[in-house]
Amino acid sequence: MKFRDEYRDPAAAHRLAAAIARTVTRPWTVMEVCGGQTHAILRFGIDALLPEMVTLVHGPGCPVCVTPAEYIDKAIEIALRPRAILCSFGDMLRVPGRHGDLLAAKARGGDVRLVYSPLDALAVARAEPSREVVFLAVGFETTAPANAMAAYQAKRAGIRNFFLLVSHVLVPPALRAILNAPGNRIEGFLAAGHVCTVMGYKEYEPIAARYRVPIVVTGFEPLDILEGLWLCLRQLEAGRAEVENQYSRSVRRAGNQPAQALIREVFRVVPRRWRGLGDIADSGLGLAEAYGDLDAERRFGPVCAAGGNDGECISGLVLRGERKPPECPAFGTRCTPQRPLGVTMVSSEGACAAYYRYRLRQLAGDKAT
Amino acid sequence: MCLAVPGRVVSLSGDDPVTRLGRVDFGGIIKQVNLAFTPEAAIGDYVLVHVGFAIGVIDAAAAERVFAHLREIGEVAGDDPSAS
């Protein structure tokens, strides 16, 4: 496939890895923000190509992982209402709330439907006017334009049985929260290429300047990640802290203007609670007042903040980059993708699931020797 | 979840900017994609598709940059690092 296969060339990857090895003179810790990047790093063994002085830390860029349990609880409550249909992206179905997951709600008779696009959920609402159709609108900035479009089209067409349960999150406030944390050890970031395809990277420039961290907007293929790392490490070695754009085939500095215009039309910036990171001011999107009739929380009651904790699960530490999955005593034993203790093992983009899928055999081998 | 896949626009339809559609070829699999956010997308362009929407048009010239970097790296190294 064009614009994919050529970025997976092993010989070119080794040349970039060699360039990184020549660049680095001391230890550096870099966070890749997006779960898709984490997945690629483990799948293609990119971390194994790097010098020992370079530590990659996996970031919070997995919307499934950071969606709080109380949203799942609310979605389950809605799904079990007699007239409701709950539509969701597939990767949300197995995320544990406090009282089970959406798949279990489906097994109990809830009408839970998997959709590929938010417009598919809108089509369900059009096809079933006697039912109340709720779309679980989660995601980062990448997904916000699509979800905004579903809301926009519903309002424009006067569809009254379509609602969004919104838990949208934004990357820059999360980066600030990570950098402000007392135990922070991140010295550079690979920013998420698809988030920046939508939003551009102007909003990262003040972060790079204020915290003195290089931020390199980076793609998702092995050569993208290696080039992004090389650019980031070159900056660190030179004492620079700028925003650079590795993923220039998709990302422009100002981002996608029509997409941003629709996000501004439909959403407003709100505080959000993140699983693992806690409450972060101005870190999410909620429906704007003009779209309040589409708000599932207005129709079915607000999401109630959850008490309690994640038990044995250390996903909060993993999401903040303070622990790696194999450092968890439950990893691969009491916690597996089949029986997950927490979100980072559930989502295909979660760091624990990526380690389980691509590293467990290797880790077992290491322990045996 | 932020997965987005590049594909080539093979046809366009619809006059309403909000519901403008394209048929997009992903290595032989053709899917219908909403092009509302990429009004500039033309037949033959590669678009980046996320949950049924094109979120950007791929810049073919910029796509070459990593390979230019690789040539630069090769010259600096003065040898063929892939052989090492």
(request) Kindly indicate whether any position in the stretch A:59-66 is surrounded by 21 or more Cβ atoms within 10 Å (Cβ to Cβ), touching a helix residue (DSSP H, G or I) at 6+ places or on another chain (Cβ under 6 Å) and in a loop (DSSP other than H, G, I, E, B). (result) yes
(message) Testing residue B:68 on (1) more than 10 Å from chain A (Cβ to nearest Cβ); (2) modelled with pLDDT of 95 or more; (3) not in a loop (DSSP other than H, G, I, E, B), one condition comes back false. Which one is that?
(response) (2)
(message) So, residue A:212, is that one more than 15 Å from the chain's Cα centre (by Cα) and over 24 Å from residue A:316 (Cα atoms) or not?
(response) yes
(request) Of the conditions (1) under 30 Å from residue A:167 (Cβ atoms); (2) in contact with a Cys (Cβ under 9 Å, 6 or more places away or on another chain), residue A:103 clears all except one; give me its number. (result) (2)
(message) I want to confirm something. Restricting to the stretch A:11-33 and keeping residues that are in a helix (DSSP H, G or I) and without any contact (Cβ under 8 Å) to a residue 60 or more places away in the chain, which single residue is farthest from the other protein chains (Cβ to nearest Cβ)?
(response) A:21
(request) Filter the stretch A:57-83 for residues that are free of Cβ contacts under 8 Å to residues at least 40 places away in the same chain and either closer than 18 Å to residue A:214 by Cα or touching a His at 6+ places or on another chain (Cβ under 7 Å) (or both) and give the result. (result) A:76
(request) Give the number of residues within the stretch A:261-293 that are crowded, with 20+ Cβ neighbours inside 10 Å and either hydroxyl-bearing (Ser, Thr, Tyr) or over 28 Å from residue A:318 (Cβ atoms) (or both). (result) 7
(message) Among (1) more than 23 Å from residue A:346 (Cβ to Cβ); (2) within 22 Å of the chain's Cα centre (by Cα), there is one condition residue A:272 misses while meeting the rest; what is its number?
(response) (1)
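Within the stretch B:2-39, which residues are on the phi > 0 side of the Ramachandran plot and either facing chain A (nearest Cβ under 10 Å) or surrounded by fewer than 13 Cβ atoms within 10 Å (Cβ to Cβ) (or both)?
Selection gives B:27, B:28.
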(request) Select from the stretch A:208-232 the residues that are among the aliphatic types (A, V, I, L, M), closer than 12 Å to residue A:191 by Cα and touching a helix residue (DSSP H, G or I) at 6+ places or on another chain (Cβ under 8 Å) and list them in ascending order. (result) A:213, A:215, A:216, A:217, A:225, A:229
(request) Could you check how many residues of the stretch A:97-113 are assigned to a loop (DSSP other than H, G, I, E, B) and either crowded, with 17+ Cβ neighbours inside 10 Å or β-branched (Val, Ile, Thr) (or both)? (result) 3
(message) Checking the condition in a helix (DSSP H, G or I), touching an Asp or Glu at 6+ places or on another chain (Cβ under 7 Å) and closer than 27 Å to residue A:196 by Cβ, which residue from A:71, A:7 passes?
(response) A:7
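The values are calculated or read from the model by the stated rules, or taken from the named source; none is laboratory data. Note that the structure is predicted; figures quoted are calculated from it, not measured. Neighbour counts run over all protein chains shown; Cβ positions are idealised from the backbone, glycine included.
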